[in-house]
């Protein structure tokens, strides 16, 4: 008799566990490894937000809350969406969750039955396919092209929809590529979504980290698909609050009510103290955000310039988030450190073991010819890391 249930057995192993272990080993040995794998801002949570949490503790706000989150926070999120995007969400259309990741899973589980297909453009965030499988659904991965800036087209989407299609997952700005869908591109996708009557999960966790003066377009700005839109966001990236674990899911009342029941029986409720911190984040001044995004923009320019100098690497300029996703396929088959480089894991292992720089293999995101690097680190670390990456790539024979 199998030890694990079928649903748990469907979850794949992390493709980065071995690299994480090697990174820890090298650092224990005293190696000066520069890690560009961070999926979180390197900025501290603003003081006003931290003070709100401290005040909550002092006031004894340390008990259970409503499963769906406190009313004041859900109202503040609704006001935030209205101010940013003109989107109308009542409190009963919003569920506060323990991080956006849990919101993504509940959204998938809320609409998908076993055997349903979920259209998943690659590259995708690492947890999407595993969460789809955990819900008993089937990931239908759609490859994208560099000439389309690693974004799905309306034509691709329309061709991919079948009688089994229940959901499309769209992540803009994208982790790992930094791609951002334009208003025109979303207009075309929405036409297909409305015509084919499928749900769309829009993961907009990086919506405020945008470059080059671009305006971010949210799918919440399309009322015609509101009844089939599952909107996910949270405080992790915008307010440098990854460890506070507060996200939200916004959607149709019936779906939110079902997700609330699920959350009540699994999580009980998001942490009371973190909810008060998030309330301050949504209600308070946001000058900090401009400072953080400006720093990311300056680092992004360094990343673009340094990547452009490395022969054999191609990439699309990131327009949002804080990642770059270079294609190294011109170097596949070469030898480095006595090892033939055939996969992204091979390349990442080589750069880490031989050149003391850690990046993330593209295989984890569904594109094995790529690797992801984060520029959520200091300028000094970026330059040091790129010196090492450049030496490592040039040493391949």
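Bear in mind these aren't lab numbers, they're just calculated from the coordinates by the rules spelled out. All values reported here derive from a predicted model rather than from experimental measurement. Note that each Cβ is placed from the backbone with ideal geometry, even for glycine, and that neighbours are counted across all protein chains shown.
Side notes on the structure shown:
- Taking every DSSP helix (H) stretch of at least 4 residues in the chain, weighting each as -39,500 (n - 2.57) and dividing the sum by the residue count yields a mean residue ellipticity at 222 nm of -12500 deg cm²/dmol.
- Most simply put, the range 63-283 has about 30% antiparallel DSSP beta bridges, counting only bridges with both residues inside it.
- Peptide ranges 81-89, 373-381, 304-312 listed from the most packed, as the mean C-beta count within 10 angstrom indicates: 373-381, 81-89, 304-312
- Residue order, fewest to most beta carbons within 10 Å, for 204, 68: 204, 68
- Efficiency of FRET from Cβ geometry, residue 164 and residue 71, R₀ 30 Å, rounded to 0.05: 0.20
- Counting beta carbons within 10 Å around each of 319, 290, 383, 370 and listing the fewest first gives the order 290, 383, 319, 370.
- The stretch between residue 9 and residue 50, if pulled fully straight at 0.36 nm per residue, gains 10.8 nm over its current Cα-Cα span.
- Shape class of the range 143-276 from the alpha-carbon gyration tensor: oblate, with a/c at 1.5 or above and b/c at least as large as a/b.
- Look at the Cα gyration tensor of the range 152-219: its axes a ≥ b ≥ c give a/c of at least 1.5 with a/b over b/c, and that counts as prolate.
- Crossing angle, helix 379-394 versus the chain [Cα axis fit, 0-90 degrees, rounded to tens]: 50
- Within the chain, percent of DSSP bridges classed antiparallel, to nearest 5: 45
- Cα gyration tensor, the range 87-197 - rounded (a/c under 1.5), prolate or oblate: rounded
- Candidate values (i) 141; (ii) 161; (iii) 150, label of the one derived for volume of the Cα convex hull per residue in Å³: (ii)
- Potential extension, residue 291-residue 397 segment - 0.36 nm per residue separation minus Cα distance: 33.9 nm
- Percent of Cα pairs exceeding the 24 Å cut-off, where the set is the range 239-397: 51
- By the count of other C-beta atoms within 10 Å, a proxy for reagent exposure, 177, 344 are ordered fewest to most as 344, 177.
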